[in-house]
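Heads up: the structure comes next, in structure tokens.
The values are calculated or read from the model by the stated rules, or taken from the named source; none is laboratory data. Small disclaimer: the values here were computed from a predicted structure and weren't measured. Cβ atoms come from the backbone with ideal geometry, glycine included; neighbour counts cover every protein chain shown.
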Amino acid sequence: MAIVGILAVSSLAQTSAQPGAADPASLSLSTGIKTSVPSNAAEPAKSAGGDASVRLGSGDLIELSVYGVPELNTKTRISNSGDIYLPLVNYVHVDGLTISDAERVIERRLEEGGFVRNPHVQLFVDESASNGTSVLGEVMKPGVYPVMGEQTLFSIISAAGGLSDRAGKSITVTHRDHPDKPVSVTISHNLEDHPDSNIPVYAGDTIMVRRADVIYVVGEVNHPSGFLMDNNNHLTVLQAIALAGGTAQYAKLNDVRILRKGPGGVSEVPVPLKKLLQAKASDVPLQAEDILFVPTSAKKIISGKTAEAVMQMATAASIVAIRP
């Protein structure tokens, strides 16, 4: 009897291994037959994206695969509304769900829609915007940086390559849990000068490093430049002229003007520089992004200096940081 039993098992194994035996999991959707994963099939490991308890959020880039149904495999990014678009099932809201919960929701939609019987879905998170901190503005490498364990503002800025040369002295941190209550802190290029500003940051936060205000001094000055102003610095015309090394030999002091951008475009503000230098007029305060233009006295040159040309000069000027 033992020999008969062994022969029977061997015969059954050979029959199952014959070419052409139908595997329900391999049936293509293009055949018009609903795909079914056999209940006794080995289910793939869940949550290929890592920790199944991690919550998904807007901006995350995810890969989805359905076991045995490669036609449904896709890569998509979660929209600002928290939805992803998937073949057959249309839009699925996944914002705030864990990876495991999202897998179950998609499996239910596939099952209830009659598209796949007994589906097994895997999600893999390629880029986790919601579980990282977004660093924007004046850093060397803006982007999304992962938050692993306890993180602080300075550690995230360091991960972003540090502050750029045009960084101002303030940073705004918007916490994901309190988007209506942004926190502003003071910093400098030497971050350690402000230890109290090294506040904790969390997944989903946004860090914005503001750009320092700039005043441009161009034309007949010895060192045409753009000067960065920190938050509490206020420049006047005379101070800006001094920073630019003073006026050049052929400067036309009675025709100095400020080009100022406003809602209606660029306006020109005349500056009596000669009287200012003689202390016969009050100094003129400058505003962020002002262009102080000192023309030359040579008429054949100044005649072609339109506002557009002056702005091009400002764009080409080197930027100098004003440091205490």
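Structure summary
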{"quantity": "Residue that is surrounded by 13 or more Cβ atoms within 10 Å (Cβ to Cβ), within 30 Å of THR186 (Cα to Cα) and modelled with pLDDT under 90, where the choices are ALA244, ALA317, ALA307, ALA240", "calculated": "ALA317"}
{"quantity": "Residue that is modelled with the lowest pLDDT, among those in region 206-230 that are within 30 Å of THR152 (Cβ to Cβ) and out of contact with any Lys or Arg (no Cβ under 7 Å at 6 or more places or on another chain)", "calculated": "MET229"}
{"quantity": "Residue, nearest to the chain's Cα centre (by Cα), within region 184-205, restricted to residues that are touching a residue at least 40 places away in the same chain (Cβ under 8 Å) and closer than 13 Å to SER155 by Cβ", "calculated": "ASP205"}
{"quantity": "Residue within region 280-299 that is closer than 16 Å to VAL221 by Cα, out of contact with any Cys (no Cβ under 8 Å at 6 or more places or on another chain), in a helix (DSSP H, G or I) and modelled with pLDDT under 95 present", "calculated": "no"}
{"quantity": "Within region 130-181, considering residues that are touching a Ser or Thr at 6+ places or on another chain (Cβ under 7 Å) and among the small types (Gly, Ala, Ser), the one farthest from LYS75 (Cα to Cα)", "calculated": "SER170"}
{"quantity": "Those strands (runs of 3 or more DSSP E) lying entirely in region 62-154 with at least 2 residues among the basic types (Lys, Arg) and buried (at least 18 other Cβ atoms within 10 Å of the Cβ)", "calculated": "none"}
{"quantity": "Among residues of region 252-281, those that are under 19 Å from ILE215 (Cβ atoms) and among the polar types (S, T, N, Q), counted", "calculated": "1"}
{"quantity": "Any hit, region 123-133, residues being β-branched (Val, Ile, Thr) and either farther than 27 Å from SER155 by Cβ or without any contact (Cβ under 8 Å) to a residue 12 or more places away in the chain (or both)", "calculated": "no"}
{"quantity": "Criterion violated by LEU228 - all others in (1) free of Cβ contacts under 8 Å to residues at least 24 places away in the same chain; (2) in contact with a strand residue (DSSP E or B) (Cβ under 7 Å, 6 or more places away or on another chain); (3) among the hydrophobic types (A, V, I, L, M, F, W, C); (4) not assigned by TED's automatic domain parsing to the domain that holds VAL139 satisfied", "calculated": "(1)"}
